[in-house]
Amino acid sequence: MIITLQADVTDGQVGEIRALLRDGGWGAAEVRTQSGKYLVGISGKEIDIRHVGRMPGVRDVHRVSDVYKLVSRQWKVKPTVIDLGDGVKIGDGNHTLMAGPCSIEDEQQVRSTVEFLSRLGIRVMRGGVFKPRSSPYSFRGLGLEGLKMFSAIAREREIKVITEVLDASQIESMYDYVDMYQVGARNSQNFTLLDQLGKVDKPVLLKRGISGTLEELLQSAEYIFSNGNERILLCERGIRSFEKSYRNVLDLNAVPYLKEKSHLPVIVDPSHGIGVRRFVSAMTLAGIGAGADGSLIEIHERPEEAKSDAAQTLSYDEAEELTRSIERLESALR
Ligand code: PEP
Ligand code: MN
């Protein structure tokens, strides 16, 4: 059960609602976010929610049977729109293309990417500075100094920055330089990281775990929301399977499923999802066809020289061609 509290609810009123719930055998967690105050009631006896709805201080009450609550569409029917400022919105019914290198490598690369994105009207740039690599001997990113450089150059052109946070200890130092934190597949169930990102007032793009179920992804999102941050994007980035013909299996079933189950925007990452450059554009279009609110793709001026994920990275020409295909697809779908 989700009880939306009035903005001016008093501690006394919250106490009374809690007492009513306790009598019905319900546990209750109080949640305060950027946009609301809630009491989340957990697994009690059958209760007439109209009694709860009539309590002073209650704005609204919904029965939510899903294991995740606040990210469920059972209580919030209207989709969540993530507003990054300067007119950049994700989840407002249009598709948002986000692009950039797997890793930030040097200033020349960032300037070249920013120029390219500006020319195409792409407003969100990805780029990792803390890279989770399977081998500790691989390139692990430029770190915070690289993020400062990336952010300064992107902001000159009003391009929003999304980059991965690997550890809760990095959140604060990254704060001034990011517009959206990315939680990678390997951290999808790092609950201490998710708890801390819930306390930050910046959007979080949460990737599905390498072998994670959709229910696990939604419960991970619930960690962030229930700690106070409602601004979350769910990202399908491919799952591990028995199939070895490509890097991962991009599970596009996830798109309509997540959009039905949750009010949060759904992003598809076809680059990691299939891991093969020549198939990335086709799978981007497939994701849009499935209803994705946005796509996150890897691009590089010279993909074969990229320091990470070269095999799945599009050249500028390929990315430009993809934007033309997206326009054609969108007008056909309209
Ligand atoms: C990335 O976006 O470069 C990345 C490491 O992604 P994932 O966490 O999906 O593997
Ligand atoms: Mn990558």
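Among the residues of region 52-62, those that are part of a loop (DSSP other than H, G, I, E, B) and surrounded by 13 or more Cβ atoms within 10 Å (Cβ to Cβ) comprise Met55, Gly57.
How many residues are assigned to a strand (DSSP E or B), of a type in the set (S, T, N, Q) and touching a helix residue (DSSP H, G or I) at 6+ places or on another chain (Cβ under 8 Å) when one looks only at region 1-51? Steps first, answer last, please.
Of all residues in region 1-51, those assigned to a strand (DSSP E or B) come to 2-5, 27-32, 37-42.
Those still in the list that are of a type in the set (S, T, N, Q) too: 4.
Pick out the ones that are also touching a helix residue (DSSP H, G or I) at 6+ places or on another chain (Cβ under 8 Å) and you get none.
Within region 1-51, residues that are assigned to a strand (DSSP E or B), of a type in the set (S, T, N, Q) and touching a helix residue (DSSP H, G or I) at 6+ places or on another chain (Cβ under 8 Å) number 0.
Against the definition (farther than 18 Å from Ser103 by Cα, part of a helix (DSSP H, G or I) and without any contact (Cβ under 8 Å) to a residue 12 or more places away in the chain), how does Ser331 come out, yes or no? For Ser331, the condition - farther than 18 Å from Ser103 by Cα, part of a helix (DSSP H, G or I) and without any contact (Cβ under 8 Å) to a residue 12 or more places away in the chain - is met. Would it be correct to say that Glu230 is closer than 20 Å to Lys199 by Cα, under 12 Å from the mean Cα position of the chain (by Cα) and not hydroxyl-bearing (Ser, Thr, Tyr)? Yes, satisfied.
Okay, residues lined up against (1) closer than 24 Å to Gly291 by Cβ; (2) in the same structural domain as Asn229 (by TED's automatic domain parsing); (3) aromatic (Phe, Trp, Tyr):
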{"residue": "Glu16", "(1), (2), (3)": "no, no, no"}
{"residue": "Glu30", "(1), (2), (3)": "no, no, no"}
{"residue": "Gly36", "(1), (2), (3)": "no, no, no"}
{"residue": "Ile42", "(1), (2), (3)": "no, no, no"}
{"residue": "Val52", "(1), (2), (3)": "no, no, no"}
{"residue": "Leu70", "(1), (2), (3)": "yes, no, no"}
{"residue": "Met98", "(1), (2), (3)": "yes, yes, no"}
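Just a yes or no: is a residue in region 230-245 assigned to a helix (DSSP H, G or I) and either at negative phi or surrounded by 23 or more Cβ atoms within 10 Å (Cβ to Cβ) (or both)? Quick ask: steps written out before the conclusion?
Residues of region 230-245 that are assigned to a helix (DSSP H, G or I), as a first pass: none.
No, every residue in region 230-245 fails to be assigned to a helix (DSSP H, G or I) and either at negative phi or surrounded by 23 or more Cβ atoms within 10 Å (Cβ to Cβ) (or both).
Looking across region 304-328, just one residue is in contact (Cβ under 8 Å) with a residue 60 or more places away in the chain and open to solvent by 80 Å² or more (accessible area, probe 1.4 Å), and that is Lys307. Within region 199-229, the set of residues being within 12 Å of ligand 1 (Cβ to nearest atom) and open to solvent by 20 Å² or more (accessible area, probe 1.4 Å) comprises Ile210 only. Within region 307-325, the residues that satisfy the criterion of being in contact with a helix residue (DSSP H, G or I) (Cβ under 9 Å, 6 or more places away or on another chain) and either within 16 Å of ligand 1 (Cβ to nearest atom) or within 15 Å of Asp269 (Cβ to Cβ) (or both) are Asp309, Ala310, Ala311, Gln312, Thr313, Leu314, Ala319, Leu322. Given (1) open to solvent by 40 Å² or more (accessible area, probe 1.4 Å); (2) over 21 Å from Glu230 (Cβ atoms), where does Gly100 come up short, assuming only one miss? If we test Gly100 against (1) open to solvent by 40 Å² or more (accessible area, probe 1.4 Å); (2) over 21 Å from Glu230 (Cβ atoms), just (1) comes out false. Could you tell me whether Gly121 is in the same structural domain as Gly273 (by TED's automatic domain parsing), free of Cβ contacts under 8 Å to residues at least 24 places away in the same chain and more than 16 Å from ligand 1 (Cβ to nearest atom)? Yes; evaluated as a whole, the condition is true for this residue.
For region 221-253, name all the residues that are small (Gly, Ala, Ser) and over 22 Å from Arg126 (Cα atoms). Ser226, Gly228, Ser241, Ser245, listed by residue number.
Kindly establish whether Leu214 is modelled with pLDDT of 95 or more, under 14 Å from the mean Cα position of the chain (by Cα) and assigned by TED's automatic domain parsing to the domain that holds Asp269. Give the derivation first.
Working: modelled with pLDDT of 95 or more: yes; under 14 Å from the mean Cα position of the chain (by Cα): yes; assigned by TED's automatic domain parsing to the domain that holds Asp269: yes.
When the stated conditions are applied, Leu214 passes them.
Kindly indicate whether Ser65 is more than 19 Å from Leu233 (Cβ to Cβ) and exposed (fewer than 15 other Cβ atoms within 10 Å of the Cβ). Walk me through how you get there before you give the answer.
Working: more than 19 Å from Leu233 (Cβ to Cβ): yes; exposed (fewer than 15 other Cβ atoms within 10 Å of the Cβ): yes.
Yes.
Residues in region 122-138 that are among the aromatic types (Phe, Trp, Tyr) and surrounded by 14 or more Cβ atoms within 10 Å (Cβ to Cβ): Phe130 alone.
Restricting attention to region 254-276, the residues being more than 21 Å from Lys78 (Cβ to Cβ), touching a helix residue (DSSP H, G or I) at 6+ places or on another chain (Cβ under 8 Å) and not in a helix (DSSP H, G or I) number 3. Scanning region 87-109 for residues that are more than 16 Å from ligand 2 (Cβ to nearest atom) and over 21 Å from the mean Cα position of the chain (by Cα) yields Asp106, Glu107, Gln108. The set of residues in region 255-299 being of a type in the set (Gly, Ala, Ser), surrounded by fewer than 24 Cβ atoms within 10 Å (Cβ to Cβ) and within 15 Å of ligand 1 (Cβ to nearest atom) consists of Gly275, Gly294.
I'd like to know if region 253-260 contains one or more residues that are within 16 Å of ligand 2 (Cβ to nearest atom) and touching a strand residue (DSSP E or B) at 6+ places or on another chain (Cβ under 8 Å). The answer is no, given that none of the residues of region 253-260 is within 16 Å of ligand 2 (Cβ to nearest atom) and touching a strand residue (DSSP E or B) at 6+ places or on another chain (Cβ under 8 Å).
The values are calculated or read from the model by the stated rules, or taken from the named source; none is laboratory data. The model shown is predicted, which means the values in this text are computed figures rather than measured ones. Note: ideal-geometry Cβ built from the backbone for every residue, glycine included; neighbour counts use all protein chains shown. Accessible surface areas use protein heavy atoms only, side chains included; no ligands, DNA or RNA. Shrake-Rupley method; radii C 1.70, N 1.55, O 1.52, S 1.80 Å.
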